[in-house]
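Just so it is clear, none of the values below were taken in a lab; they were calculated from the coordinates. Keep in mind that what you see is a predicted model, and the values were worked out from it rather than measured. Positions of Cβ are generated from backbone atoms using ideal geometry, with glycine treated the same way; all protein chains shown enter the neighbour counts.
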């Protein structure tokens, strides 16, 4: 049987049961939880880590008009 392992600079790789101990000593970690998290994120099932709330802000006064041509009023046309 093989085991999926992960290493940051090596990616994913399947090792046989005989080679798992040597791979772990070389810095490889169990890759199944990492693969599951990546697939969940890809499918949109990722767990929400942090919730951000936006506080309501009181409406501000309207900004002053920029200088320039005065707007046309339908009654004057």
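Residues 12, 6, ranked from the fewest to the most other C-beta atoms within 10 Å, line up as 12, 6.
When the square roots of the Cα gyration tensor eigenvalues are ordered a ≥ b ≥ c, the ratio a/c for the stretch 2-43 is 1.5 or more and a/b exceeds b/c, which makes its shape prolate.
Each of residue 9 and residue 36 was given a label point 7 Å from its Cα along the Cα-to-Cβ line. The distance between the two points is 2.9 nm.
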